[in-house]
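The values are calculated or read from the model by the stated rules, or taken from the named source; none is laboratory data. Being a predicted model, the structure only gives us computed values, none of them experimental. For neighbour counting, all protein chains shown are included, and Cβ atoms are generated from backbone atoms with ideal geometry for every residue, glycine included. Note: areas computed on protein heavy atoms with side chains; ligands, DNA, RNA excluded. Shrake-Rupley method; radii C 1.70, N 1.55, O 1.52, S 1.80 Å.
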Amino acid sequence: MASYHGNATRMELTRLKKRLTIALRGYKLLKDKRDELMRRFLNLVRENKALREKVEAGIRAANQKFVLARSGMTDEALHVALMIPKQEVYLETETRNVMSVDVPVFHYKTRTSDPNDIYSYGFAFTSGDLDGAVKSLADILPDMLRLAECEKSCQLMAAEIEKTRRRVNALEHVMIPQMRAGIRYISMKLDENERSTQTRLMKVKDRMLEDAHHYSEREVEIITDEA
């Protein structure tokens, strides 16, 4: 049970009640934030898993086609074909705020819009498997960028979930119980002081009544003696 050490005054009681109200509101908001982060995090994890399987399958297919292309071409011909790329890719990055977490967003654009510019060689002296390998890598690029977004977002959101979870636990198991214990302690202390004060007042009243009664009896005896 949480204990409280502080001044047992009505001002302190009022201050603790205000802090408890704010803490309960913050606890609810943080708990809702944690739950929403968890929901989005799980969605990202599922998307990340599907994208990773797709990207790995695409890279595996491209590697197989490169192996076939290399088996049908000389090393010099393969190096010459891929020596000077014709197409260029420009990557732009920005961030998007998701539940106070800045997750990355990637955008890319190519130097030209012609899809055939991915081939930096002529088709006369190259293997068709090389064309398929280059096309596979070009097709998998958007999924690779999205996979990078998802993985980094998952890392950032996992860190934020852990931080939010610690805050929720601190409020639920430490701060709020301490405040409630303090409110109970101060309320009991004030009630005890009030009962003690009432007891003292009653004793003072009884003493005053007793003194007044004895004084009246003495007045009666004096009057009787004079008569």
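With r as the distance between the Cβ atoms of LYS54 and ASP75 and R0 = 41 Å, compute the FRET efficiency 1/(1 + (r/R0)^6) and round to 0.05.
Values: r = 31 Å, r/R0 = 0.75.
Computed FRET efficiency for ASP75 and LYS54 comes out at 0.85.
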(request) Would you please name the chymotrypsin sites (Phe, Trp or Tyr not before Pro) within region 106-178 that are DSSP coil residues with at most 12 other C-beta atoms within 10 Å of their C-beta? (result) PHE123, PHE125
(message) What distance in nm separates the two pseudo spin-label positions at ASP191 and ASN116, each 7 Å out from Cα along the beta-carbon direction?
(response) 9.0
(request) Please report, as a whole percent, how much of the solvent-accessible surface of the chain comes from carbon and sulfur atoms (probe radius 1.4 Å). (result) 57
(request) With no solvent and one equal point scatterer per Cα, compute the Debye intensity ratio I(q)/I(0) for region 69-140 at 0.13, 0.19 Å⁻¹ and report its log10, rounded to two decimals. (result) -0.52, -0.81
(request) With only Lys, Arg, Asp and Glu charged, each at its Cβ (+1 for the first two, -1 for the last two), find how big the charge dipole of the chain is about the Cα centre; round to the nearest 20 debye. (result) 280
(message) If you average the C-alpha positions of region 118-148 and of region 7-73 separately, how far apart do those two centres end up, in angstrom?
(response) 33
(message) Tell me the label only: which of (i) 17.7, 59; (ii) 18.1, 54; (iii) 40.6, 151 is Rg and Dmax of the Cα atoms in Å as calculated from this structure?
(response) (iii)
(message) Give me the 1.4 Å probe accessible area per residue for region 13-120, excluding ligands and nucleic acids, in Å².
(response) 70
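In square nanometres, what is one fourth of the surface area of the convex hull spanned by the alpha carbons of region 1-119?
Numbers: hull surface 59.2 nm².
For the Cα atoms of region 1-119, the hull's average projected area reads 14.8 nm².
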(request) Mind pulling the angle between the C-alpha long axis of helix 176-226 and the longest principal axis of the chain? Nearest 10 degrees, somewhere in 0 to 90. (result) 10
(message) Using a 7 Å offset from the Cα along the Cα-to-Cβ direction at both GLU92 and THR21, what is the distance between the two label points in nm, to one decimal?
(response) 4.9
